[in-house]
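Enquirer: Let me give you the structure first, and then I'll get to my questions.
The values are calculated or read from the model by the stated rules, or taken from the named source; none is laboratory data. Keep in mind the model is a prediction, meaning the values are calculated, not measured. Because the Cβ atoms are built from the backbone with ideal geometry, glycine has one as well, and the counts that use them run over all protein chains shown.
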Amino acid sequence: MNKKLILLSLVLLTPFVFLFCIFFGSVKLEFHEVIEGLLSYFKHNFTVDTSSYIQLIIFKIRMPRLLMSFLAGGILSMVGLLMQTITKNPLAEPYVLGISAGASAGAVSAIILGWFSFFAAFNVYAAAFIGASLATMLVILLQGKSQDTVRLVLIGMGVNAFFTSLTTFLVYSSNNEAQVRSAMFWTTGSLSGIHFEDLIPVAIGLAILIIFYYLVIKELDILLLGHRAAQNMGLNLFKLQIFLIVVSSLAIALLVSKVGVIGFVGLIVPHISRKLIGVKHNNLLFATIFIGGMGLMVIDTFARTIFSPNELPIGVMTGIIGAPIFIYILNSTREKI
């Protein structure tokens with residue numbers, strides 16, 4: 001199938017998936033109720049009628065949550081794509097490599113210990129960024145020049161375990177119940193309680209990723225030839241890795257600060273995108289964003305409806321789906337190890 005047609009199909013499919021997901025939740029909405037609620041919102045100059053429970057559900061609960069799902073899926077998928085490219089490893093992604101856990105540990109340390117208070121309102125973002133950067137640099141330093149898939153996975157598991165344990169330790173060391181409740185959601189990820197203002201830093205994170213992705217898109221395509229060939233062509237691999245580490249860590253930090261740790265999205269989506277679009281990064285960008293965004297919207301819809309009125313944390317759902325796929329990808333690469 002034509003690649004442009006696939007991309008166009010993904011773009012056109014997204015609003016339909018978005019609208020479909022709005023119907024479902026602890027309160028199921030009928031088609032005519034959603035349409036009437038949307039039309040009324042537009043007729044009244046984009047003002048929510050607080051006397052209408054339909055509009056409150058749509059615009060105060062589900063719409064910001066679905067938009068956050070899309071942004072989160074896009075960021076996680078893009079960072080996974082970048083990690084897999086710069087490490088030349090099909091298993092690289094923010095969760096497996098411990099980057100998300102590092103960001104989570106940083107954010108929790110800011111909440112419970114009050115670190116980085118000199119950043120004022122941005123202290124959680126700053127702490128999450130530092131934690132994500134430390135985790136990423138630690139993985140790359142320990143991996144060295146090795147392209148051993150098992151080695152990378154084991155290093156990532158170690159880094160993930162360390163930062164997850166650190167997060168748990170910090171949570172249990174606090175006597176402040178409000179702090180504990182605030183910090184606990186970082187370990188499993190959650191999209192509940194999202195408001196429109198929460199979307200701003202995450203949208204900025206995705207925009208930063210897209211801008212810097214295009215700045216190095218030629219270098220990313222050169223990396224498809226392999227590290228040695230890329231270096232022979234004059235590519236400064238170390239400089240590129242550090243650059244992408246900083247950008248990816250910033251985006252992950254902004255995301256984790258709002259929704260916590262969500263695993264395996266960045267592992268699975270780049271593989272699906274390559275199957276549909278090919279390996280050229282110019283085509284992969286938007287395919288990865290839209291597949292990741294739509295995928296996480298659907299998964300979150302299941303998470304909040306499968307045990308309605310209770311809901312599963314989104315990180316639990318992605319783990320249930322992603323872990324078997326992770327094992328499959330690991331098994332399929334055994335001949336290269």
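Enquirer: For ILE208, indicate whether it is free of Cβ contacts under 8 Å to residues at least 60 places away in the same chain, within 16 Å of the chain's Cα centre (by Cα) and closer than 19 Å to ALA103 by Cβ.
Expert: Working: free of Cβ contacts under 8 Å to residues at least 60 places away in the same chain: yes; within 16 Å of the chain's Cα centre (by Cα): yes; closer than 19 Å to ALA103 by Cβ: yes.
Answer is yes for this residue.
Enquirer: Output the number of residues of the range 146-188 satisfying the condition of being closer than 22 Å to ILE327 by Cβ and at pLDDT 85 or above.
Expert: Number of matching residues: 9.
Enquirer: Do you know which residues across the range 205-240 are among the small types (Gly, Ala, Ser), part of a helix (DSSP H, G or I) and more than 30 Å from LEU67 (Cα to Cα)?
Expert: ALA229, ALA230
Enquirer: Identify all residues within the range 260-276 that are assigned to a helix (DSSP H, G or I) and either in contact with a helix residue (DSSP H, G or I) (Cβ under 9 Å, 6 or more places away or on another chain) or closer than 16 Å to GLY319 by Cα (or both); write none if there are none.
Expert: Passing the criteria: VAL265, GLY266, LEU267, ILE268, VAL269, PRO270, HIS271, ILE272, SER273, ARG274, LEU276.
Enquirer: Kindly list, by first and then second residue, each pair from a residue in the range 89-101 that is under 17 Å from LEU223 (Cα atoms) to a residue that is assigned to a loop (DSSP other than H, G, I, E, B), limited to pairs with Cβ atoms under 6 Å and residues at least 6 apart or on different chains.
Expert: These pairs meet every condition: PRO90/THR333.
Enquirer: While we're on this one: Go through ILE99, ILE112 for me and flag whichever is surrounded by fewer than 23 Cβ atoms within 10 Å (Cβ to Cβ), touching a helix residue (DSSP H, G or I) at 6+ places or on another chain (Cβ under 8 Å) and on the phi < 0 side of the Ramachandran plot.
Expert: Being surrounded by fewer than 23 Cβ atoms within 10 Å (Cβ to Cβ), touching a helix residue (DSSP H, G or I) at 6+ places or on another chain (Cβ under 8 Å) and on the phi < 0 side of the Ramachandran plot holds for just one of ILE99, ILE112, which is ILE112.
Enquirer: Would you say PHE307 is within 14 Å of the chain's Cα centre (by Cα) and at negative phi? If you could, list the steps in order and put the result at the bottom.
Expert: Values: within 14 Å of the chain's Cα centre (by Cα): no; at negative phi: yes.
So PHE307 fails the test.
Enquirer: Scanning for something under 14 Å from the mean Cα position of the chain (by Cα), surrounded by 17 or more Cβ atoms within 10 Å (Cβ to Cβ), assigned to a helix (DSSP H, G or I) and of a type in the set (Asp, Glu), does the range 291-300 turn up at least one residue?
Expert: Yes, there is a match, as at least one residue in the range 291-300 is under 14 Å from the mean Cα position of the chain (by Cα), surrounded by 17 or more Cβ atoms within 10 Å (Cβ to Cβ), assigned to a helix (DSSP H, G or I) and of a type in the set (Asp, Glu).
Enquirer: Does LEU284 meet the test of being assigned to a helix (DSSP H, G or I), over 17 Å from ILE194 (Cβ atoms) and touching a Pro at 6+ places or on another chain (Cβ under 8 Å)?
Expert: yes
Enquirer: Check the range 194-204 and report whether any residue there is touching a Ser or Thr at 6+ places or on another chain (Cβ under 7 Å), surrounded by 17 or more Cβ atoms within 10 Å (Cβ to Cβ) and of a type in the set (A, V, I, L, M, F, W, C).
Expert: So far as the range 194-204 goes, no, none of its residues is touching a Ser or Thr at 6+ places or on another chain (Cβ under 7 Å), surrounded by 17 or more Cβ atoms within 10 Å (Cβ to Cβ) and of a type in the set (A, V, I, L, M, F, W, C).
Enquirer: Let me ask another. Quick check on the range 321-328. Is at least one of its residues in a loop (DSSP other than H, G, I, E, B), modelled with pLDDT under 95, surrounded by 14 or more Cβ atoms within 10 Å (Cβ to Cβ) and not aliphatic (A, V, I, L, M)?
Expert: No; the residues of the range 321-328 include none that is in a loop (DSSP other than H, G, I, E, B), modelled with pLDDT under 95, surrounded by 14 or more Cβ atoms within 10 Å (Cβ to Cβ) and not aliphatic (A, V, I, L, M).
Enquirer: Identify, from the list ILE86, ILE99, ILE75, ILE112, the residue that is more than 20 Å from ILE210 (Cβ to Cβ), out of contact with any strand residue (DSSP E or B) (no Cβ under 9 Å at 6 or more places or on another chain) and among the aliphatic types (A, V, I, L, M).
Expert: Checking each option against the conditions leaves just ILE112.
Enquirer: Taking the range 28-52, which residues are under 24 Å from THR305 (Cβ atoms) and loosely packed, with under 14 Cβ neighbours inside 10 Å?
Expert: LYS28, GLU30, PHE31, HIS32, ILE35
Enquirer: Kindly list the number of the only condition in (1) part of a helix (DSSP H, G or I); (2) closer than 16 Å to GLY322 by Cβ that fails for SER257.
Expert: The number of the failed condition is (2).
Enquirer: Follow-up question, since we're still on this one. Answer yes if at least one residue in the range 71-88 is surrounded by 14 or more Cβ atoms within 10 Å (Cβ to Cβ) and on the phi > 0 side of the Ramachandran plot, and no otherwise.
Expert: Yes, because at least one residue in the range 71-88 is surrounded by 14 or more Cβ atoms within 10 Å (Cβ to Cβ) and on the phi > 0 side of the Ramachandran plot.
Every residue, every condition in (1) out of contact with any Leu (no Cβ under 6 Å at 6 or more places or on another chain); (2) closer than 18 Å to GLY292 by Cβ, yes or no:
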site: MET184; (1), (2): yes, no
site: LEU215; (1), (2): yes, no
site: GLU219; (1), (2): no, no
site: LEU225; (1), (2): yes, no
site: LEU244; (1), (2): no, yes
site: VAL247; (1), (2): yes, yes
